[in-house]
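**Q** Please find one structure pasted underneath; my questions will follow.
The values are calculated or read from the model by the stated rules, or taken from the named source; none is laboratory data. Note that the structure is predicted; figures quoted are calculated from it, not measured. Neighbour counts run over all protein chains shown; Cβ positions are idealised from the backbone, glycine included.
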Amino acid sequence: MANRIVVDPITRIEGHLRLEVEVKDGKIVDAYSSGTMVRGFELILKGRDPRDAWAFTERACGVCTTVHALASVRTVEDALGITVPPNAELVRNLMFCAQYMQDHVVHFYHLHALDWVDVVSALKADPKKTSEIAQSISNWPKSSPGYFSDLQKRLTAFVESGQLGIFANGYWGHSAYKLPAEVNLIGVAHYLEALEWQKEVVKIHTIFGGKNPHPNYLVGGAACSINIDDANALNAERLAKVGSLLEIAAEFIEKVYIPDLMAVASFYKDWGAIGGGLSNYLAYGDLPTHGYGDPEHFKFPRGVILGRDLSKVHPVDGKNDAEIQEFISRSWYEYGSGDGDGKHPWKGETKLKYTGPKPPYDHLDVDKKYSWLKTPRWKGNAMEVGPLSRMLVAYASGREEVKEVVGAALKQLDVPVTALFSTLGRTAARGLETKLVAGWSKEFYSQLLANIKNGDTRLWAGEKWAPETWPAEAKGVGMTEAPRGALAHWIVIKDRKIENYQLVVPSTWNASPRDPKGQMSAYESALIGTPVANPEVPLELLRTIHSFDPCLACAVHLYDEKGRYLNQVQVL
Amino acid sequence: MTAAAVASPRVLVLGVGNLLMRDEGIGIHVVRELEREEWPERVTVLDGGTGGFHLLSYLCEHERIVMVDATMDGEPPGTIRVLRPRSLTDMPRTLSAHDIGLRDLLESAALLGAKPEVVLVTVSVAEISGEGVPLSTELSPRVLRVLPEAAALVRGLAREVGRQASA
């Protein structure tokens, strides 16, 4: 009889996803992923002013906060036919880049690294050897034997105080940890440095968005004004601060994140054949260089890859009602037209109908409906979204700079291109795109400065701000790439109010339940075949799920009134 | 420098919670009341929302923190309590239902050498979005009724901890 493991919640620090997996002979043979909390944005937005929608959607999540605002303003602009000025696009791009750099580094060090790095083993490292290894992989200055020795003392004191704190959730000493003690110590050192680093980088959001968390956005442009001499505007001093923050960000990514990623990956190459899951990849693309209306010139291209065939990229149209559809046959909703139906988000319905077990429960009834997430499909296909999808779509689209960084990483690790379709590939793709984003952010910054120098300070297109200028009915879609993957909002405006509003978020693509045809979504599919040496401490399972960077705060909201955490794993 | 040695400590008045999840957003409602008032320069009144790691710099840059949050502690909705955790282990791991793992963040701040003194104001709540309860920005009547009282309490605590030169 197979063992069923329940991990609820699954994220290390912020979590609200429930997974039920079955293990047989040391491998996962079946998996069910459930979002256990209802959302229902449309219920909150219906009847409101479309220009305010961003401020509500932005509150969906503390991590993806800016991306929902971006998708929302684009959706309204698309519906009303508004084109934002080039500077506004650049400001949005810079906020997007800051979000990516912060979020991906935090993911790597604070939400994922401890699946690979054994903190307790780091206490046994030889600081001198650690220094030699650190200096062999990077010229990052904080690498002396004294630096690592001091850090080790701090860490020892912390562990001996009995307050492992944020490190308490790890499975220290697990046989699946393969790094030498010295590499573990480097990992812990950079965990702490990344904490310090990330709190500076996000200040870019405060500069452009007035506040952080939850910076301000604006339909028609950016919520700031450029005046290089005005103390309250985007002035010379603040622009210079952005420039220096971007430099600091890029240096850390180049000299710390990427070398660490490669060093860790080199000890875990077997994970290049585990956790692949689905073979279809979707990216909406983002980072416009000729305006949002011209996806051909996005830095991240738009497209779909089917069956891992990198010779062909299929186009994606968010407005075609036969392409993106949401199904609810395994979700706690009902459709007027019947449960087997798929609905394009413009025609989306959100009628709640909970039929699951009464909480608290031991198991979901996975043969019936088992999630608050709807199940999105592209032309009926289950799709993975996220960094791996973005890198694969760009690679298959022939983007040279992407091919270059991906090719170099494969060569350095001495693994074939098929190793990308895996847990390791997902984690590596996230790092590689961060490196690209760091470079692109400097291009956007230079362009913004050049525009200002040339006298262009426009940040807002206000011609269609007044509701009197709007048509009686309008529909729009706003697409973006959240750090976790393809994100889009759909709006229907009627009589100048929101008639329907639907979000299809990355974690819905990846973490949703099965569809009417029984096809699994990305999480469930990727878990099949993942080894689990000890079901009481399923470290391997976490590696695969964390490689997606789950953020169910995005998809469904958490409840955790009992404070249950990762280390409470039941084996049944 | 430890918080106790600071002559004029910087004070962070921090509301956390999710505005979209009914009573869960009480911390933000309180902060929005206080944002309208004049505060000395060393006091920051912050809508922390569901800020997660975005809040770390604020936690590291203030010696005293007055935090207001929702809790589901089984008390009647609208019950207000003041907690003064002496150490991180006294902090509840999660208070309620939003994303922020505040204790995780304070532990992260401690790893970076920052140990702000925290006073926690909790408001017991009735309704949050959850299984079968969709999102809404409305507070339930019993929690809405104590909003002025909670704001006054937080206002007083912010002044009190800002005056203390040492703990």
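**Q** Among (1) in contact (Cβ under 8 Å) with a residue 40 or more places away in the chain; (2) surrounded by fewer than 22 Cβ atoms within 10 Å (Cβ to Cβ), there is one condition A:Leu80 misses while meeting the rest; what is its number?
**A** In the conditions (1) in contact (Cβ under 8 Å) with a residue 40 or more places away in the chain; (2) surrounded by fewer than 22 Cβ atoms within 10 Å (Cβ to Cβ), A:Leu80 misses (2) alone.
Table: residues versus (1) away from chain B (no Cβ under 14 Å); (2) over 21 Å from the mean Cα position of the chain (by Cα); (3) within 24 Å of B:Arg103 (Cα to Cα); (4) modelled with pLDDT under 95.
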| site | (1), (2), (3), (4) |
| --- | --- |
| A:His104 | no, no, yes, no |
| A:His107 | no, no, yes, yes |
| A:Glu132 | yes, yes, no, no |
| A:Ser136 | yes, yes, no, no |
| A:Leu151 | no, yes, yes, yes |
| A:Thr156 | no, yes, yes, yes |
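**Q** Mind listing whichever residues of segment A:315-335 are buried (at least 23 other Cβ atoms within 10 Å of the Cβ) and of a type in the set (Lys, Arg)?
**A** A:Arg330
**Q** Yes or no: segment A:171-181 includes at least one residue that is of a type outside the set (S, T, N, Q), assigned to a helix (DSSP H, G or I) and either within 12 Å of chain B (Cβ to nearest Cβ) or surrounded by fewer than 21 Cβ atoms within 10 Å (Cβ to Cβ) (or both).
**A** Yes, segment A:171-181 contains at least one residue that is of a type outside the set (S, T, N, Q), assigned to a helix (DSSP H, G or I) and either within 12 Å of chain B (Cβ to nearest Cβ) or surrounded by fewer than 21 Cβ atoms within 10 Å (Cβ to Cβ) (or both).
**Q** Same structure again: What single numbered condition from (1) in a helix (DSSP H, G or I); (2) surrounded by 16 or more Cβ atoms within 10 Å (Cβ to Cβ); (3) of a type in the set (A, V, I, L, M) fails to hold for A:Ala223?
**A** Failing condition for A:Ala223: (1).
**Q** Just the residues that are under 15 Å from B:Leu102 (Cβ atoms) and among the aliphatic types (A, V, I, L, M), please, taken from segment B:32-50.
**A** Passing the criteria: only B:Leu46.
**Q** Follow-up. Out of A:Ile498, A:Ile545, A:Ile493, which single residue is more than 27 Å from A:Arg302 (Cα to Cα) and touching a residue at least 24 places away in the same chain (Cβ under 8 Å)?
**A** On the way: A:Ile545 fails: more than 27 Å from A:Arg302 (Cα to Cα); A:Ile493 fails: more than 27 Å from A:Arg302 (Cα to Cα).
Step by step, each of A:Ile498, A:Ile545, A:Ile493 is checked, and only A:Ile498 is more than 27 Å from A:Arg302 (Cα to Cα) and touching a residue at least 24 places away in the same chain (Cβ under 8 Å).
**Q** Going by the conditions given, is A:Glu58 within 25 Å of B:Asp104 (Cα to Cα), among the charged types (D, E, K, R), touching a Ser or Thr at 6+ places or on another chain (Cβ under 7 Å) and in contact (Cβ under 8 Å) with a residue 12 or more places away in the chain? Break it down into steps so the answer makes sense when it comes.
**A** On the way: within 25 Å of B:Asp104 (Cα to Cα): yes; among the charged types (D, E, K, R): yes; touching a Ser or Thr at 6+ places or on another chain (Cβ under 7 Å): yes; in contact (Cβ under 8 Å) with a residue 12 or more places away in the chain: yes.
Judged against the criteria, A:Glu58 is a match.
**Q** I would also like to ask the following. From B:Val154, B:Val143, which residue is assigned to a helix (DSSP H, G or I), modelled with pLDDT of 75 or more and over 25 Å from B:Arg10 (Cα atoms)? Before you say what the answer is, go through the steps one by one.
**A** On the way: B:Val154 fails: over 25 Å from B:Arg10 (Cα atoms).
One residue alone meets the criteria, B:Val143.
**Q** For segment B:3-87, please list each of the strands (runs of 3 or more DSSP E) lying entirely inside it that holds at least 2 residues being within 14 Å of another protein chain (Cβ to nearest Cβ).
**A** Filter on segment B:3-87 gives B:11-16, B:43-49, B:64-71.
**Q** How about segment A:393-429: which of its residues are within 17 Å of A:Ala526 (Cα to Cα) and buried (at least 20 other Cβ atoms within 10 Å of the Cβ)? Give the steps one after another, and end with the answer.
**A** The initial filter retains those residues of segment A:393-429 that are within 17 Å of A:Ala526 (Cα to Cα), namely A:418-429.
Passing the criteria: A:Ala419, A:Leu420, A:Phe421, A:Ser422, A:Thr423, A:Leu424, A:Gly425, A:Arg426, A:Thr427, A:Ala428, A:Ala429.
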